[in-house]
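*Asks:* Handing you this structure, nothing more for now.
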Amino acid sequence: MVIFPGGGYGILAYDWEGTDFAKWLNAQGIAGIVVKYRLPGSKSLTDPKEVPLLDAQRAIRLVRQNAAAWNIDPAKVGIMGFSAGGHLASTASTQYNHEVDRPKDGIDALSARPDFSVLVYPVITFQDDAVHGGSRKNLIGENASQELKDRFSAQLNVNAETPPTFLVHAQDDKGVPVENSILYYQALHKNGVKASLHIYPSGGHGFAFGLGKGAVEGWREVLLAWMKETVM
């Protein structure tokens, strides 16, 4: 499982939504690989909006390149994203073939398509109705064109080849409205993609493991059952 922590494309919640989950996955016999993807705020980037996706694609390809050495099945490489990391994961799930002009090497010949995705309170849409304004501003700017808003609204880019997806969200999420997960699920269902949507009445935003937050605390067991049925 390739993990993309959240942080609104401004920071990375590297422990809370990264290494903590990698350790938990490892305890389940699943390799957890945390990606410290570049953020668009860096002054050194020539096209900041493209860099997180480039890093996500590279990470997936690197896992496949090293699959034998790491004892990983290259046909069972999933991704997990939290909040803005969920936006990156959904973008990687729908734009895995997206190309930019750049130097390439042999690893680029490998597929960047994830075999499944796990989206945890994800940012999905950059449309005004349910947008997380901070993520949109940090990735594509305040005055982005409608074309860019559409491109980075994952629900508009789902097709029949989009990977099977597990979504979890809290109804009382005040940071990223639950409509984000609903929109993505509806697009997956419309395109015949296997998907599982789990909405808990409470938990807020950024609940991670959900410890001490009621029913949402059990979401990881639901995820493991879904993975066993769907992808393992």
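*Asks:* Below 8 Å between Cα atoms, with a sequence gap of 6+, how large is the relative contact order for the range 94-178 in percent?
*Replies:* Values: 81 pairs, mean separation 34.3, N = 85.
It comes to 40 percent, rounded to a whole number.
*Asks:* Taking 8 Å as the Cα distance limit and 6 or more residues as the minimum spacing, I'd like the relative contact order of the chain as a percentage.
*Replies:* 17
*Asks:* In addition: For the chain, what is the calculated [θ] at 222 nm in deg cm²/dmol (nearest 500), taking -39500 (n - 2.57) for each run of four or more DSSP H residues and dividing by its residue count?
*Replies:* Numbers: 8 runs with 76 residues, N = 232.
Only helices count here, giving -9500 deg cm²/dmol.
*Asks:* Could you tally the net charge around I60, taking each other residue with its Cβ under 13 Å from the Cβ of I60, Lys/Arg +1 and Asp/Glu -1?
*Replies:* Values: positive: R58, R61, R64, K76, R113; negative: D55, D108, D115.
With Lys, Arg at +1 and Asp, Glu at -1, the net is +2.
*Asks:* Next question, about the same structure. One-quarter of the Cα convex hull surface for the range 1-160, in nm²? Don't skip to the answer; put the middle values down first.
*Replies:* Details: hull surface 38.5 nm².
Computing the convex hull of the Cα atoms and averaging its projections yields 9.6 nm².
*Asks:* Continuing with this model, one more query. In percent, what relative contact order does the range 99-232 have, based on Cα pairs under 8 Å that are 6 or more apart in sequence?
*Replies:* Values: 192 pairs, mean separation 32.1, N = 134.
Once divided by the residue count of the range 99-232, the mean separation gives 24 percent.
*Asks:* Looking at F166, N180, H132, which one has the Cα that reaches farthest to the positive end of the dipole of the range 102-232 (charges on Cβ: Lys, Arg +1; Asp, Glu -1)?
*Replies:* Of F166, N180, H132, it is F166.
*Asks:* Using only alpha carbon positions, build the gyration tensor of the range 95-169, then give the equivalent ellipsoid semi-axes as the square roots of 5 times its eigenvalues, largest first, whole angstrom. Walk me through the numbers before you get to the answer.
*Replies:* Values: eigenvalues 114, 70, 24 Å².
The equivalent ellipsoid of the range 95-169 has semi-axes of 24, 19, 11 Å.
*Asks:* What figure in square angstrom, to the nearest 10, would you give for the accessible area of D128 with a 1.4 Å probe?
*Replies:* Approximately 100 Å² for this residue.
*Asks:* Now, a different point. Compute, for the range 1-134, the length of the dipole vector about the Cα centre, with Cβ point charges of +1 (Lys, Arg) and -1 (Asp, Glu) only. Units Debye, rounded to 20.
*Replies:* Working: 12 positive and 14 negative charges, 68 e Å.
For this selection, approximately 320 debye.
*Asks:* What is the percent carbon and sulfur in the accessible area of the chain, measuring with a 1.4 Å probe over the protein chains and ignoring ligands? Please list the in-between numbers first.
*Replies:* On the way: 5230 of 10390 Å².
Roughly 50 percent, rounded to a whole number.
*Asks:* Let me ask something additional. In Å², what does the accessible area per residue of the range 103-232 work out to with a 1.4 Å probe? Let's see the in-between values first.
*Replies:* Details: 6090 Å² over 130 residues.
About 47 Å² of surface per residue is accessible.
*Asks:* So, one more: Using the Cβ atoms and a cut-off under 15 Å, what net charge is assigned to the surroundings of F116, where Lys and Arg are +1 and Asp and Glu are -1?
*Replies:* The answer is +1.
*Asks:* A further question follows. Quick one: among T165, T94, T46, which has the greatest mean-square fluctuation in a GNM of the chain with alpha-carbon springs under 10 angstrom?
*Replies:* Answer for the Gaussian network model of the chain: T46.
*Asks:* Let me ask something else. So which trypsin sites (Lys or Arg not before Pro) in the range 1-86 are both in a DSSP loop and have at most 12 other Cβ atoms within 10 Å of their Cβ?
*Replies:* Working: sites: K23, K36, R38, K43, K49, R58, R61, R64, K76; in loops: K36, R38, K43, K76.
Of the trypsin sites (Lys or Arg not before Pro), the ones in loops of the range 1-86 whose Cβ has at most 12 other Cβ atoms within 10 Å are K36, K43.
*Asks:* Build a GNM of the chain with springs between Cα atoms under 10 Å: which of Y184, Y200, Y121 gets the top mean-square fluctuation?
*Replies:* The residue with the greatest mean-square fluctuation here is Y200.
*Asks:* While we're here: Calculate the length of the line joining the C-alpha centroid of the range 15-76 to that of the range 79-99, in whole Å.
*Replies:* Answer, in whole Å: 11.
*Asks:* Can you give the accessible area per residue of the range 1-97, in Å², using a 1.4 Å probe? Can you show the working numbers first?
*Replies:* On the way: 3890 Å² over 97 residues.
Accessible area per residue, the range 1-97: 40 Å².
*Asks:* Please give the net charge around A75, taking every other residue with its beta carbon less than 12 angstrom from that of A75, where Lys and Arg add +1 and Asp and Glu add -1. Don't skip to the answer; put the middle values down first.
*Replies:* Details: positive: R64, K76, R113; negative: D73, D115.
So the surrounding residues net to +1.
The values are calculated or read from the model by the stated rules, or taken from the named source; none is laboratory data. Keep in mind that what you see is a predicted model, and the values were worked out from it rather than measured. Methodologically, a virtual Cβ is constructed for each residue, glycine included, from the backbone with ideal geometry; neighbour enumeration extends over all protein chains shown. When the accessible area is computed, the model is the full protein with side chains, heavy atoms only, and any ligands, DNA or RNA have been set aside. Shrake-Rupley method; radii C 1.70, N 1.55, O 1.52, S 1.80 Å.
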